[in-house]
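A.B. asks: Before I ask anything, here is the structure I am working with.
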Amino acid sequence: MSKVYESFNYPQVSKEIAKGMGMTEKEFNQACEILGRTPNYIELGCVSAMWSEHCSYKSSRFHLRKLPSKGKDVVYGPGENAGVVRVDKDLCIAFKVESHNHPSFIEPFHGAATGVGGILRDVFTMGARPIAAMNSLRFGSATHPKTPRLLQGVVEGIAHYGNCFGVPTVGGEVAFNASYNGNPLVNAFALGLVREDKIFTAEASGVGNPVIYIGAKTGKDGIHGATMASEEFSESSESKRPNTQIGDPFKEKLLLEACLELMQTDALVGIQDMGAAGLTSSAFEMAGRAGNGVKMYLDSVPLREDKMGPYEIMLSESQERMLLVAKKGREQEVIDIVNRWDLDAAVIGEVTDDGYVRLFWQDEEVASVLAAPLSDNAPLYQRVYSRPDWLDDMAKFDQSEIPVPSALDQIFYKLLNDPTIASKRWVWEQYDHMVQIGSVVLPGSDAAVVRLPESKKGVAMSSDCNSRFCYLNPREGSKHAVAEAARNVAASGARPLALTNCLNFGNPEKPHVMYQLVEAIEGMAEASLAFNTPVVSGNVSLYNETEGNAIQPTPTVVMTGVLDDVQDRITSFFKGVGNKIVLLGEIPTKIDASHYLDIIHEKTVGVVPEVNFDLHTALFKIMEKGAKEQLISAAHDVAEGGIAVALFEMGMRSMIGAEVSLPAKGRADALLFGESPMMILEIEPKNMKAFSSLCDKKGLKCQEIGTTGGENLVISCGSTPTLNVSMAKATAIYEKVIPELVK
Amino acid sequence: MKAGVVRFPGSNCDRDCLHVLSDVMGADARFLWHKDHDLKGLDLVVLPGGFSYGDYLRCGAIAKFSPIMSEVMEFADKGGLVVGICNGFQVLTESGLLPGALIRNKGLKFICKYVNLRVDNADTRFTTEYKQSQVLTVPIAHGEGCYMVDDATWAEMLQYNQIVFRYCSPDGEVSELYNPNGARDNVAGIVNKAGNVLGMMPHPERCAEDLMQNKDGYGLFASVKNFLG
């Protein structure tokens, strides 16, 4: 052992020490085997971080391979910092969604903010300028004492980071359910734009090339954060605050501009952001991918704090940092550009050919680990999974047990009063959703749409997951997540293109949780194949449990789509009075698995409606063609709250009511509030004939169900009015729920 | 029209303003780096929105010390047209080119939404394309847009007709109900006494094209273009 190493006074490595870093005894032995000796403390820190669930996907990797990731327009699929898909010749979008659940529970503001920062870096590391961000948020029940503070903190954190960075936060979703009481979900999505020949990857190629550190200085924040994100929560977790990071969006904005400027030169060879597991993962990944090694002189790393040794430096998760490999001899050019943006830059090492990541301190080697074997031989678990009996019990629901309520108007108002259904205006008005002047469908519609500079095309995106469906039937629920996100994208007139996912689940060491994960992945694979929308990037967040209670399975899907002409985009809001209202899809006859059943009757039971792939494929074609021919005035997907809530949402913006008549088959509450996949459209009378024949051609029934107009929303099932509610009163309820929740 | 758009570190509406000036208005427009000194040949300088220098200390407080700002002050003194939007407005008040100050919104939250603005002075170099008292719908996006000014200065501003835009109802009624940030008398935009420096919190560049929700911001750029010839 060198004198320098001894001067750090690190503890003697043992399996107990390894356990403290989140490694099992078996994993520790495996690490000793790969190294051919017992790792020292620094090496063990690196290995444990690389092998954490968060970095290694050791519980999910085996099943993730089932997801289709190829397609003719897919340039880069999973494995890169973000997926890249062509949208218009060489113009590509790079996008990914990632979780920041654990940090956001411990420190909502900074946890959510750094989640946004991390995903933005993933996108611009690829050379893409971020042009849109979204987020998918889940909180506990509205009455849980922590919910208001978490909601407020998370939204403010996202706003703080995104607004200052200058990326429009164009949409997202917010839902509430008691299963998230101890585990809120914060999934952050970003999408950027890049020319195909300007895409950068994270490779340390070219032996002798300099390794350069740029961005913010390294501090002690977030040390071993990736390991924390791979554990269940207990009461002591809130004492882990130092494990979460603090973000600085201003630094990140400078880093973005500096990186994009660097990428315009040809001095850059590879680039990787320092995210989870910090310098460790960027060094190992860059070396591993290129089949090379790197030497790093850690005492050259710009530091923010005193008393940081190699262990702390390698595992710090300080934000807004990048690791670059530049061409030899071009160091100064790189440093000059970075300094121009008032950021630190330091040459900290070089690319080698021996395959080792070697760390130096005062010119003495203090750690050395072979890069490729560490990732190639990372633990891979095929964890035991089994179907829990309660899934069958929950499916055994007979809706005749629940009498149809008489006061359906009151039920409708009560549904609007539920925070999952209520208006999210309070949330999105805190996000700058218009900066970059690309947002051409603003928040509130089914999908956000942004225009692209130098192209006629537009990109639509929507984030979805009905976790109640996934809880009752993980496979079908996961198909629904894909189908609903695709329907939302289609509602804007766009053609669904590709998706990214964030798989949020409980503890995979429990067979029923593992079952949910496997089923959800397989369901997602089926739907993605059926719709020809490959999964090009993603993230897995496990151990979302507190005190043994797991969240409802939440495989969040963010679907992207393309509009060939962005001018053809469609919003969800009624445009006029006297227009036809058309329904595409299956009119529901069941209240099974619905939000209505959950909120009004307090039952999370029933059979999840099936996702009909053929119906969806036809629907997508109709929407694309209908938009191109400008036949559709408004379109809205039916989700929580069924047809009744969907019609209200379409009329609410311009205060236009509707008169609708639904065929009298089955029970009224199922017709109004049931949740089978459907889309409601507004069609001007002059376009009705053309639209109807378009539906015929695609083999879908064009069901004309009513007319827009009036101050009330009136729905009859058969001859008698079943629902007659005032749009004004309903809007007042709908808008005040979230503001009152956070009061 | 020869225009320059200042890029402070942290500016994030710089590209938007440049796009509207050059692609929509057909101006000869370029970026001005905050460390530069050269405003040669320009007849309009735009200070864009964003978070200059991270808005640390106070919004716009550090930007006023940047090298480019001493040039902008000289340019304004000589009668050059200066428009500060959002963070740009904050920089203008901090550097003394406009009176008053912008503080935290009354609700303490960042607000991004379309609001109604009444044109209270259609006789400035920036507003001739609008009618007096016309109601525009333009987005705001700020956390610190509450305009404050002392009584003496305020009286003078009224005397010189320096209030250009006020937040209002869809019908043009100015009242506290339609004041999104608590600004004095619903002030959304003002000019200096000489009439060549405009500061406003709303973002006209975000609604200056057909594809946007409306085109109400176009008139502002068109007015400047007309004035400059």
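A.B. asks: To the nearest 10 square angstrom, how much accessible area does A:Tyr734 have with a 1.4 angstrom probe?
C.D. replies: 20 Å²
A.B. asks: Roughly how many Å² of A:Phe176 are accessible to a 1.4 Å probe, to the nearest 10?
C.D. replies: Number for this one is 20 Å².
A.B. asks: Another question about this same structure. How would you rank A:463-473, B:139-149, highest first, on the average number of other Cβ atoms within 10 Å across their residues?
C.D. replies: Numbers: A:463-473: 25.5, B:139-149: 23.1.
Top to bottom by mean Cβ count within 10 Å: A:463-473, B:139-149.
A.B. asks: Same structure, new question: Between A:Thr720 and A:Val404, what is 0.36 nm times their sequence separation minus the Cα-Cα distance? Round to one decimal in nm.
C.D. replies: 112.2 nm
A.B. asks: What does the accessible area per residue of the stretch B:2-228 come to in Å², with a 1.4 Å probe and no ligands, DNA or RNA counted?
C.D. replies: On the way: 8410 Å² over 227 residues.
Computed with neighbouring chains in place, this is 37 Å² per residue.
A.B. asks: Give me the one-decimal nm value for the distance between modelled label points at A:Arg304 and A:Glu602, 7 Å along each residue's Cα-to-Cβ direction.
C.D. replies: Modelled inter-label distance: 4.7 nm.
A.B. asks: For A:Phe109, A:Phe574, give the ranking by accessible area with the largest first, probe 1.4 Å. Mind showing how you got there, number by number?
C.D. replies: Numbers: A:Phe109 55, A:Phe574 5 Å².
Largest accessible area first, the list is A:Phe109, A:Phe574.
A.B. asks: Quickly work out the B:Ala155-to-A:Ile246 label distance, labels modelled 7 Å from Cα along the C-beta direction, and quote it in nm with one decimal.
C.D. replies: About 4.6 nm, to one decimal.
A.B. asks: Still on this structure, I have one more. Taking chain B as a Gaussian network, Cα atoms linked when under 10 Å apart, which of B:Gln162, B:Gln132, B:Gln90 shows the biggest mean-square fluctuation?
C.D. replies: B:Gln132
A.B. asks: Under the 0.36 nm per residue contour assumption, what length would be gained going from the current alpha-carbon distance of A:Lys89 and A:Glu365 to full extension?
C.D. replies: Details: separation 276, 0.36 × 276 = 99.36 nm, distance 4.85 nm.
Here the segment from A:Lys89 to A:Glu365 would lengthen by 94.5 nm.
A.B. asks: Given a 1.4 Å probe, show me the residues in the stretch B:46-83 buried by at least 40 Å² of accessible surface when comparing the whole protein assembly to the chain alone.
C.D. replies: Residues losing area: B:Phe51, B:Tyr56.
A.B. asks: Sticking with this one: Ignore the peptide's own chain and count Cβ atoms of other chains within 10 Å of each Cβ in B:15-24; give me the average, rounded. Before the final figure, lay out each step's value.
C.D. replies: Numbers: counts 6, 6, 1, 0, 4, 1, 0, 0, 1, 0.
What the average comes to for B:15-24 is 2.
A.B. asks: Let me ask something else. Hull surface divided by four, with the convex hull built on the Cα atoms of the stretch A:1-140: how many nm²?
C.D. replies: Working: hull surface 51.1 nm².
In nm², the orientation-averaged hull projection of the stretch A:1-140 is 12.8.
A.B. asks: For B:Glu129, what accessible area in Å² do you get when you roll a 1.4 Å probe over the heavy atoms of the protein chains, rounding to the nearest 10?
C.D. replies: Probe radius 1.4 Å; accessible area of B:Glu129 about 90 Å².
A.B. asks: So for the stretch B:2-228, averaging the separation of alpha carbon pairs under 8 Å that are six or more residues apart and normalising by length, what relative contact order in percent results? Numbers along the way, then the final one.
C.D. replies: Working: 541 pairs, mean separation 43.4, N = 227.
Result for the stretch B:2-228 is 19 percent.
A.B. asks: Could you compute how much accessible area chains A and B hide from each other, both sides summed, with a 1.4 Å probe? Nearest 100 Å² is fine.
C.D. replies: Numbers: alone 25750 and 9830 Å², together 32990 Å².
Protein heavy atoms only, the A-B interface buries about 2600 Å².
A.B. asks: Given bins 5 angstrom wide, list per bin the percent of all Cα-Cα distances in the stretch B:124-229, short to long.
C.D. replies: Result returned by the calculation: 2, 12, 20, 25, 22, 13, 4, 1, 0.
A.B. asks: Is the stretch A:424-466 best put as rounded, prolate or oblate by its Cα gyration tensor, with a ≥ b ≥ c the root eigenvalues, rounded for a/c under 1.5, and otherwise prolate when a/b is larger than b/c, oblate when not? Mind dumping the intermediate values first?
C.D. replies: Values: a/c = 3.05, a/b = 1.42, b/c = 2.16.
Since a/c reaches 1.5 but b/c is at least a/b, the shape of the stretch A:424-466 is classed as oblate.
A.B. asks: For the stretch B:199-214, state which residues have at least 40 Å² less accessible area in the presence of all protein chains than in their chain by itself, taking the probe as 1.4 Å and leaving out ligands, DNA and RNA.
C.D. replies: B:Arg206, B:Leu211, B:Met212
A.B. asks: Summarise the partner chain shielding of A:423-435 as one whole number: the mean count of Cβ atoms from other chains within 10 Å of each residue's Cβ.
C.D. replies: Values: counts 0, 0, 1, 1, 0, 2, 8, 5, 3, 13, 4, 14, 12.
What the average comes to for A:423-435 is 5.
A.B. asks: Related question: Say the dipole of the stretch A:381-466 comes from +1 at the beta carbon of Lys and Arg and -1 at that of Asp and Glu; which of A:Ile437, A:Gln399, A:Val427 then lies farthest toward its positive end?
C.D. replies: A:Ile437
A.B. asks: In 20 Å bins starting at 0, how do the alpha-carbon pair distances of chain A split up by percent?
C.D. replies: In whole percents, the pair-distance histogram is 18, 50, 26, 6, 0.
A.B. asks: Okay, next question. Give me the inter-chain shielding for A:320-332: mean count of other chain Cβ atoms within 10 Å, whole number please.
C.D. replies: On the way: counts 0, 0, 0, 0, 0, 0, 0, 0, 0, 0, 0, 0, 0.
That works out to 0 on average.
A.B. asks: Sticking with this one: Relative contact order for chain A: what percent, with Cα pairs under 8 Å and sequence separation of 6 or more? Before the final figure, lay out the partial values.
C.D. replies: On the way: 1899 pairs, mean separation 109.9, N = 743.
Once divided by the residue count of chain A, the mean separation gives 15 percent.
A.B. asks: Also, I was wondering about something else. Starting from the Cα of A:Ser141, step 7 Å along the direction of its Cβ; do the same at B:Glu74; then give the gap between the two resulting points in nm.
C.D. replies: Placing both labels 7 Å along Cα→Cβ, they lie 6.8 nm apart.
A.B. asks: Counting DSSP beta bridges with both partners in chain B, what percentage is antiparallel, nearest 5?
C.D. replies: Working: 22 of 39 bridges.
Expressed as a percentage, antiparallel bridges in chain B total about 55.
A.B. asks: If I fit a long axis through the Cα atoms of helix A:642-652 and take the longest principal axis of the Cα atoms of chain A, what angle between them do I get, 0 to 90°, rounded to 10?
C.D. replies: 90 degrees
A.B. asks: Hey, with R₀ at 45 Å, roughly what FRET efficiency would A:Ser693 and A:Lys743 work out to, going by the Cβ-Cβ distance, to 0.05?
C.D. replies: Working: r = 52 Å, r/R0 = 1.15.
For A:Ser693 and A:Lys743, the calculated efficiency is 0.30.
A.B. asks: Next question, about the same structure. Among the lysines, select those whose C-alpha is under 21 Å from the C-alpha of A:Lys3, and discard any that sit fewer than 8 residues away in the same chain.
C.D. replies: Filter leaves A:Lys295, A:Lys307.
A.B. asks: Under Stokes-Einstein, with the Kirkwood radius over Cα pairs standing in for Rh, what whole-number D in µm²/s applies to the stretch B:1-85 at 25 °C and 0.890 mPa s? Display every interim value, and only then the final one.
C.D. replies: Values: Rh = 12.7 Å.
The Stokes-Einstein estimate is 193 µm²/s.
A.B. asks: Give the accessible surface of chain A per residue, rounded to a whole number of Å², with probe radius 1.4 Å and ligands, DNA and RNA excluded. Can you show the working numbers first?
C.D. replies: On the way: 24460 Å² over 743 residues.
Per residue, chain A has an accessible area of 33 Å².
A.B. asks: Using a 1.4 Å probe on the protein heavy atoms, what percent of the accessible area of the protein assembly as shown belongs to carbon and sulfur?
C.D. replies: On the way: 15910 of 32990 Å².
Percent of accessible area from carbon and sulfur atoms in the protein assembly as shown: 48.
A.B. asks: With respect to the cross-link table entries A:Lys396/A:Lys701; A:Lys580/A:Lys701; A:Lys19/A:Lys510; A:Lys575/A:Lys736, which display a Cα-Cα separation exceeding 26 Å? Provide the component values of the computation, followed by the final result.
C.D. replies: On the way: A:Lys396/A:Lys701 31 Å; A:Lys580/A:Lys701 15 Å; A:Lys19/A:Lys510 20 Å; A:Lys575/A:Lys736 24 Å.
Checking Cα-Cα distances, A:Lys396/A:Lys701 exceed 26 Å.
A.B. asks: Tell me which of B:Thr137, B:Val91, B:Val164 sits at the most positive position along the dipole axis of the stretch B:2-228, charges placed on C-beta atoms (Lys, Arg +1; Asp, Glu -1).
C.D. replies: Ranked along the dipole, the leading option is B:Val91.
A.B. asks: Could you calculate the contour length gain from A:Ala664 to A:Asp392, that is, 0.36 nm times the residue separation minus the distance between their Cα atoms, to one decimal place in nm?
C.D. replies: Values: separation 272, 0.36 × 272 = 97.92 nm, distance 3.06 nm.
Gain on stretching A:Ala664 to A:Asp392: 94.9 nm.
A.B. asks: Separate question: Along the principal axes of its C-alpha atoms, what lengths does the stretch B:2-228 span, in descending order and rounded to whole Å?
C.D. replies: Here the spans come out as 44, 38, 32 Å, largest first.
A.B. asks: Okay, next question. What size of dipole, in debye to the nearest 20, comes out for the stretch A:558-708 about its Cα centre when the only charges are +1 on Lys and Arg C-beta atoms and -1 on Asp and Glu C-beta atoms?
C.D. replies: Numbers: 16 positive and 21 negative charges, 96 e Å.
The dipole magnitude comes to about 460 debye.
The values are calculated or read from the model by the stated rules, or taken from the named source; none is laboratory data. These figures come from a predicted structure and were not determined experimentally. Methodologically, a virtual Cβ is constructed for each residue, glycine included, from the backbone with ideal geometry; neighbour enumeration extends over all protein chains shown. Please note that ligands, DNA and RNA were not included when accessible areas were found on the heavy atoms of the full protein model with its side chains. Shrake-Rupley method; radii C 1.70, N 1.55, O 1.52, S 1.80 Å.
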